[in-house]
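One structure is given here, and the rest of the page talks about it.
Each reported figure results from applying straightforward, stated rules to the coordinates on display, with no laboratory input. Since the model is a prediction, treat every value here as computed from it, not as a measurement. Reconstructed Cβ throughout: ideal geometry from the backbone, glycine too, with neighbour counts over all protein chains shown.
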Amino acid sequence: MASEAGYINYFERLGLANDAHPGEVRKAYKKLMKQLVQEIAQVEVTADRRAQFMLQMATLNAAVFVLKDKERREAYWAERQALIELEAEWCGLDDSDEARHDVLRPKFDSEVRSFLSKYVQEMPLNAGSDHEVLEASHWDVAHARHATQLLRQYRHHLHHDILERLPYHEVTEPKIDWSERQKTVAELLEGLC
Amino acid sequence: MARAVAKQEKIVDLELTAKAFAFAVMTGDIVNFKFLFSGLSPVRAWTSEQLETEKYEYLLPNADAESTAAYKGAYVAVRSDETWAYIQAELGAKRNAQLPSELVLMIADNAVRAAKYTLAAQAYESLRLRRKMQAEFFKQADEALAQGDIPKAVQGYRIATGLSYDYAAFPEPLPKVANYQSDALRIHGRYPERAQECPSIMPEEMHTDLALNYLLSDATAVTRLREYPLETRLAFVKELVARIDPQWDVFVARYHTACTLVLEFAERMQHQKATLEDEIEEQQGHVPTQIMEALLGRTIENGLWWQYMKDLAYEHPAAVLFIGRQRVGKHEILMPRLVADSALPEVLGLAQGLPEGA
């Protein structure tokens with residue numbers, strides 16, 4: 001079975017099964033958002049914690065925004081499944097099938113970027129204009145401004161999760177001696193101090 | 001009818017090609033390295049581009065660079081039998097080249113040496129090593145911190161956080177603090193209605209936290225550092241400021257001058273026993289902008305407080321931790337603001353030498 005890590009799962013984010021209906025989605029969202037707001041109120045909010053809370057809030061908002069709407073939910077799930085299958089197909093190719101590699105690699109690359117941009121960056125920001133989300137999370141312009149950067153970093157993070165399990169194509173597969181790497185790090189720190 | 005002119009076959013100078021590759025490796029420049037392998041590369045036999053032309057001078061080492069040990073090492077690596085044969089084969093194939101990983105690894109390490117962290121991050125990333133290398137830098141930096149070796153720890157944290165950069169790689173020097181423009185303004189985003197609301201008047205622990213968050217721009221790093229006692233974190237901030245801003249002492253002197261101006265301004269107002277607004281009206285709309293000019297060391301024509309803030313954050317990032325916004329009549333200025341017996345201004349030399357009465 002192909003790995004799904006990196007392809008954000010909004011059902012999982014809400015702690016729901018993949019066939020949960022909109023009523024369950026709304027209920028789970030309200031419960032989790034309430035818990036989050038209470039947690040924010042209880043702890044001392046430092047800059048790093050603020051970033052974590054902001055990201056949690058943004059992904060919760062995106063989850064309800066995408067999943068409560070039938071059309072959006074179906075489109076999201078279909079794109080996600082298609083991408084998982086595309087990855088499996090590409091990774092399962094024989095090394096000798098260069099022509100097929102050359103077709104699938106750029107296709108996968110473009111589709112994974114588009115999926116992550118849409119569902120990790122755009123949807124959380126679009127969700128901010130939804131009345132239900134506004135009411136539960138008190139999302140405002142300042143949140144959106146701060147979240148933009150965090151969401152971009154989060155998208156990169158997920159993209160890296162995916163890239164790390166793919167076949168090497170940009171560079172030849174490196175032969176890494178980790179003890180040599182550790183020594184290099186030590187030398188770099190000594191040499192630069 | 002015009003005769004077809006015979007097409008002259010391009011001859012690629014292999015020695016020059018090797019030099020260009022070695023120079024990219026030596027400078028840790030993954031962008032130029034990739035360009036040399038690209039479809040438009042001047043070292044591909046079928047392109048009309050010529051490496052010998054002036055526009056590609058930047059790809060080649062000058063005499064000084066060629067004499068360095070780093071260049072010689074890179075050249076030997078490029079010219080080693082296996083690697084050189086591979087490079088030539090990839091350049092000859094009419095498809096996207098697969099970069100030789102042993103050279104990409106050298107590029108990444110050299111980029112770290114040159115403090116070009118975006119380039120290093122991109123090179124490590126293509127080798128799927130970025131996060132592991134980042135973790136190793138953090139680990140060894142933490143070991144150094146536990147042993148009290150602050151300079152090594154700061155260096156480790158700077159590299160590790162530098163490898164988080166998600167900018168596209170580019171060779172220009174990065175600002176001293178990532179996102180300084182937005183982060184500095186965010187710190188002072190809300191006008192302090194009471195003195196206690198000013199970020200520089202925070203309790204020591206919070207102020208140090210704010211400093212680390214702002215200067216490192218990396219939540220993971222700050223969470224790690226929070227494990228250490230306040231004294232260690234203060235020493236860390238001191239070393240960090242010294243490294244990112246070698247001109248910090250110049251700012252300290254300016255800060256003290258600005259404090260003197262604030263005192264003079266306050267004294268004038270006391271003598272006149274008038275409100276701040278009366279004072280301003282009497283001076284025909286004059287606003288004490290010389291205070292923020294003193295902080296920055298120059299004047300921004302018709303500059304508003306936030307413009308001074310951005311320039312200050314660019315030149316002396318840590319400065320924004322010790323200033324505050326102040327309304328003066330209908331205008332707003334930046335003023336020095338600190339708690340004199342607080343630890344952070346103390347370790348950064350701001351609390352010493354303040355004018356009497358400040």
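A few notes on this one:
- Loop trypsin sites (Lys or Arg not before Pro), the stretch B:295-325 (other Cβ atoms within 10 Å of the site Cβ: 15 or fewer; DSSP): B:Arg298
- The stretch A:90-183, relative contact order [Cα under 8 Å, separation at least 6], %: 29 percent
- Average Cα contact separation per residue, chain A, under 8 Å, 6 or more apart, as relative contact order %: 28 percent
- Per DSSP, loop trypsin sites (Lys or Arg not before Pro) in the stretch B:36-137 with at most 16 further Cβ within 10 Å: B:Lys94, B:Arg95
- Solution diffusion estimate, µm²/s, Stokes-Einstein, chain B, Kirkwood Rh from C-alpha pairs, 10 °C, viscosity 1.306 mPa s: 66 µm²/s
- Taking 17 Å as the straight-line reach from the Cα of B:Lys116, the lysines in range (excluding those fewer than 8 positions away in the same chain) are B:Lys34, B:Lys176.
- Under 20 Å of direct C-alpha separation, and excluding same-chain neighbours fewer than eight residues apart, B:Lys72 reaches these aspartates and glutamates: A:Glu187, B:Asp13, B:Glu15, B:Asp29, B:Glu57, B:Asp64, B:Asp81, B:Glu82, B:Glu102, B:Asp109.
- Computed over the stretch B:178-358, Kirkwood Rh from alpha-carbon pairs, angstrom: 17.0 Å
- Within the stretch A:34-133, the GluC sites (Glu not before Pro) that combine a DSSP coil assignment with at most 14 other C-beta atoms in a 10 angstrom radius are A:Glu44.
- Fluctuation leader among B:Asn32, B:Asn62, B:Asn213 - chain B, Gaussian network, Cα springs under 10 angstrom: B:Asn62
- Per residue, the convex hull spanned by the Cα atoms of chain A amounts to 171 cubic angstrom.
- For chain B: relative contact order, % (alpha-carbon pairs under 8 angstrom, 6 or more apart): 14 percent
- Three-way shape call for the stretch B:117-218 based on the alpha-carbon gyration tensor, with the a/c threshold at 1.5: oblate
- Counting lysine pairs in chain A whose alpha carbons fall under 28 angstrom apart, excluding pairs fewer than 8 residues apart on the same chain, gives 18.
- Given 13 as the ceiling on other Cβ atoms within 10 Å, longest exposed-site-free region of chain A for trypsin sites (Lys or Arg not before Pro) in DSSP loops: A:1-164
- Scattering curve values for the stretch B:16-134, log₁₀ I(q)/I(0), Debye with Cα scatterers, q = 0.12, 0.14, 0.20 Å⁻¹: -0.40, -0.55, -1.13
- If you run the Gaussian network model on chain A, springs between alpha carbon atoms under 10 Å, then out of A:Ile40, A:Ile84, A:Ile162 the most flexible one is A:Ile40.
- Restricting the calculation to Cα atoms, the protein assembly as shown yields a radius of gyration followed by a Dmax of 28.1, 97 Å.
- GluC sites (Glu not before Pro), loop per DSSP, at most 16 other Cβ atoms within 10 Å - longest free stretch of chain B: B:53-192
- Every Cα-Cα pair in the stretch B:96-154 was counted, and those over 16 Å apart are 50% of them.
- Take each residue in B:214-223, count the other chain C-beta atoms within 10 Å of its C-beta, and the mean is 3.
- Helical contribution to [θ] at 222 nm, DSSP H n ≥ 4, -39,500 (n - 2.57), averaged over chain B, rounded to 500: -17000 deg cm²/dmol
- Ranked A:Cys91, B:Cys259, criterion: other C-beta atoms within 10 Å, fewest first: A:Cys91, B:Cys259
- Candidates B:Asp64, B:Asp249, B:Asp109: whichever shows maximal mean-square fluctuation once chain B is modelled as a Gaussian network with Cα springs under 10 Å: B:Asp64
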